[in-house]
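In what follows, a single structure is set out as structure tokens and then discussed.
The values are calculated or read from the model by the stated rules, or taken from the named source; none is laboratory data. As the structure is a computational prediction, the values presented were derived from the model and not from experiment. Counting neighbours? That spans all protein chains shown, and the Cβs are built from the backbone with ideal geometry, glycine included.
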Amino acid sequence: MSGRRTGQVLLMLAGLLAWAVQFTIIYGATSTLCGREWADTTFLGIGLIHAVVLVSTFAALIVTALALAWSLRTFRRLNEQAPPADLFMTQAGALTSGLSLIAILWQGLPAFILPACA
């Protein structure tokens, strides 16, 4: 696989990878902190679990939004003469990044609605 194609695949999967990392961090931190009964610990006036969820959610949103913007910019630069694989990969990257933004928000929102170890 050439370097250019590898970059296209990584860009296409960037949103999904960011969501997977956020998902792992949220559930790993929640289960660890709740299991050790550290759920009431605070950091900068906010619960530690909520702080981990907030930071990981914002980081994943930023990475995914950048991937979406980059995919859309690349798609606009391509013309009808571009290889079909390039068109498909940029469209798929934009679609997966957009869907990943929704999944990341959906994953991070319940942490602020429900108690930490409910």
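Here are some notes:
- Scanning segment 38-72 for residues that are loosely packed, with under 13 Cβ neighbours inside 10 Å and either assigned to a helix (DSSP H, G or I) or in contact with a strand residue (DSSP E or B) (Cβ under 8 Å, 6 or more places away or on another chain) (or both) returns ASP40, ILE62, ALA69.
- Residues (touching a residue at least 60 places away in the same chain (Cβ under 8 Å) and β-branched (Val, Ile, Thr)) located in segment 25-76: ILE26, THR30, ILE49, THR74
- Qualifying residue in segment 100-117 (condition: under 17 Å from GLN8 (Cβ atoms), in contact (Cβ under 8 Å) with a residue 40 or more places away in the chain, assigned to a helix (DSSP H, G or I) and of a type outside the set (Val, Ile, Thr)): yes
- Any hit, segment 69-86, residues being within 11 Å of the chain's Cα centre (by Cα), at pLDDT 95 or above and either aliphatic (A, V, I, L, M) or closer than 30 Å to THR6 by Cβ (or both): no
- Any chance ALA85 is outside any strand (DSSP E or B), among the small types (Gly, Ala, Ser) and more than 15 Å from ALA18 (Cβ to Cβ): yes
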